[in-house]
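To start, the structure under review is shown below, and the notes come after it.
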């Protein structure tokens, strides 16, 4: 990620891969909707040529599983990086839709503390964002995701 060589540093090309993976978040959600809304009866049928039952509902769930796993890994990593104070939702907007800190703050997506100030400033937010990509890098390197 550029010239940053701190605690959460990852290779620039690995960052780009993860960045584009996160930007596909809504594509993954749309794919699940398309699979679940696709045709096919809800009834099980028996195929004599195959010698087994066909379960369209189970087939849809099986087809949607890889997309659900991608969504889950992005969301869980955002929660892990952002902590309990609601910043994870802002991180999710940032990494999946490209919202800048300034856009997030102006739209009220950055949570406020009790005194009415942002719970995190720009510098802390970008550190949490780096942490997100570092944790995602560790997670994704352990799993086979597309």
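The values are calculated or read from the model by the stated rules, or taken from the named source; none is laboratory data. As the structure is a computational prediction, the values presented were derived from the model and not from experiment. Glycine also receives a Cβ, built like all others from the backbone with ideal geometry; neighbour counts cover every protein chain displayed.
Overview of values
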{"read-out": "Residue 92, sole failed condition from (1) over 27 Å from residue 122 (Cα atoms); (2) surrounded by 13 or more Cβ atoms within 10 Å (Cβ to Cβ); (3) modelled with pLDDT of 95 or more", "value": "(1)"}
{"read-out": "Which listed residue, of 35, 10, is assigned to a loop (DSSP other than H, G, I, E, B), touching a helix residue (DSSP H, G or I) at 6+ places or on another chain (Cβ under 8 Å), surrounded by 16 or more Cβ atoms within 10 Å (Cβ to Cβ) and at pLDDT below 95", "value": "10"}
{"read-out": "Residue match in the stretch 111-120 (condition: touching a helix residue (DSSP H, G or I) at 6+ places or on another chain (Cβ under 6 Å) and either in a helix (DSSP H, G or I) or exposed (fewer than 13 other Cβ atoms within 10 Å of the Cβ) (or both))", "value": "no"}
{"read-out": "Boolean, residue 71 is modelled with pLDDT under 90, part of a helix (DSSP H, G or I) and either surrounded by fewer than 21 Cβ atoms within 10 Å (Cβ to Cβ) or out of contact with any strand residue (DSSP E or B) (no Cβ under 8 Å at 6 or more places or on another chain) (or both)", "value": "no"}
